[in-house]
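The values are calculated or read from the model by the stated rules, or taken from the named source; none is laboratory data. Owing to the predicted nature of the structure, the values given are computational and were not obtained by experimental measurement. Cβ: placed from backbone, ideal geometry, glycine included. Neighbour counts: every protein chain shown. Ligands, DNA and RNA are stripped out before the accessible areas are found, and what is left, the full protein with its side chains, is counted by its heavy atoms. Shrake-Rupley method; radii C 1.70, N 1.55, O 1.52, S 1.80 Å.
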Amino acid sequence: CKSFIDKFVDLHNVDYAACGLADLGKPEGYVERQIEGWISRYNKAITPDAPSWEPVMAWLRDKMPAAHPKPGLVHNDYRFDNVILDPDNPMQIIGVLDWEMTTIGDPLMDLGNTLAYWIEADDPAPVQAMRRQPSHAPGMLTRQQFADYYAERAGIEINNLDYYYTYGLFRLAGIVQQIYYRYYHGQTQDQRFAAFIGMNKLLEQMSLQVIKQSTL
């Protein structure tokens, strides 16, 4: 778990300009583009049975943080199933996959994306049903411990984690709803996607709970 976070911090600390990657994205206005972009994509993919997410959208707009002082490489899909472990030492990560959404932006938005997938051991059964990685296993950190260790390794303070986590949940719902939209309109017959509307509704409830308890 800590090795996974260590590599995440290393990625965000890469000198992208020195690597010739400065043209990969525009860090200025990154947070606003992500929020407005996912709101637009969600609304275009909405179906009659989908939640509106309007209170969450309004909160994300209202609580938008200032630009990160140190933009970095943003992977946008950093998960356990996108890393390669050393077969001789599974504690060591030797590769990271799935770079097609990589850009330059706010590393904490990337952290929020990853935390949205991070189902911890104490999460309720409906949330556990969404889990696609062993983040609940004995020895794994909770989401708060994940963020605390990330902040420690990155040498920063994260005072608005609720914002980035809620963004990650909303973005995940946008991805889920885009897939469900195709199923709803008969563009795919894959029955696995029928359950995605329930996942979308659960993600909205999770987001509303974070907002309710947030001090932002």
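For the reader, a short list of remarks on this structure follows.
- For segment 86-216: rounded, prolate or oblate by the Cα gyration tensor [a/c cutoff 1.5]: prolate
- Cross-link partners of LYS44 among aspartates and glutamates, defined as those whose alpha carbon lies under 15 angstrom from its own and excluding same-chain residues fewer than eight positions apart: GLU36, GLU54.
- For segment 176-216, the orientation-averaged shadow of the C-alpha convex hull comes to 3.0 nm² (one quarter of the hull surface).
- Estimated inter-spin distance, ALA67 and LEU21, nm [label 7 Å along Cα→Cβ]: 2.0 nm
- Residue among ASN82, ASN159, ASN113 with the largest mean-square fluctuation in a Gaussian network model of the chain, springs linking Cα atoms under 10 Å: ASN159
- Counting only protein chain heavy atoms and rolling a 1.4 Å probe, the accessible areas of ILE46, ILE175 rank, largest first, as ILE46, ILE175.
- FRET efficiency estimate (nearest 0.05) - Cβ-Cβ, GLN187 to MET91, R0 35 angstrom: 0.25
- With the charge dipole of the chain set up from +1 on Lys and Arg Cβ and -1 on Asp and Glu Cβ about the Cα centre, the Cα lying farthest toward the positive end among the listed residues LEU97, TYR183, ALA22 is that of TYR183.
- Surface listing: HIS75, HIS136 arranged by accessible area from highest to lowest gives HIS136, HIS75, probe 1.4 Å.
- Using the Karplus relation 6.51 cos²θ - 1.76 cosθ + 1.60 with θ = phi - 60°, the per-residue 3J(HN,Hα) values for segment 184-193 come to 4, 8, x, 7, 8, 9, 5, 5, 4, 7 Hz, with x marking Gly and Pro.
- Largest-first ordering by accessible area, 1.4 Å probe, given options LEU85, LEU108: LEU85, LEU108
- Overall dimensions of segment 1-142 by Cα: Rg and Dmax, Å: 17.0, 50
- Cα extents of segment 145-198 along the three principal axes, largest first (Å): 49, 16, 16
- In this simple spin-label approximation, ASN43 and GLN213 carry label points 7 Å from Cα along the Cα→Cβ vector, and these lie 3.1 nm apart.
- C-alpha center-to-center spacing [segment 88-132, segment 6-22] in angstrom: 18 Å
- Per residue, the solvent-accessible area of the chain (1.4 Å probe, heavy atoms of protein chains only, all protein chains present) comes to 50 Å².
- Karplus-derived HN-Hα couplings along segment 58-70 (A = 6.51, B = -1.76, C = 1.60, θ = phi - 60°), whole Hz, x at Gly and Pro: 5, 5, 5, 5, 6, 9, 4, x, 5, 4, 5, x, 9
- Listed values for segment 102-117 are Karplus-derived 3J(HN,Hα) couplings in whole Hz (6.51 cos²θ - 1.76 cosθ + 1.60, θ = phi - 60°), namely 5, 8, 9, x, 7, x, 6, 5, 5, 4, x, 4, 5, 5, 5, 8, and x replaces Gly and Pro.
- Dipole size of segment 27-168 about its Cα centre, with +1 on Lys/Arg Cβ and -1 on Asp/Glu Cβ: approximately 220 debye, rounded to the nearest 20.
- Cut-off of 10 Å, at most 15 other beta carbons, DSSP loop: longest stretch of the chain lacking such GluC sites (Glu not before Pro): 29-99
- Partners of LYS70 within straight-line reach, counting lysines whose Cα lies under 22 Å from its Cα and excluding those fewer than 8 residues away in the same chain: LYS7, LYS26.
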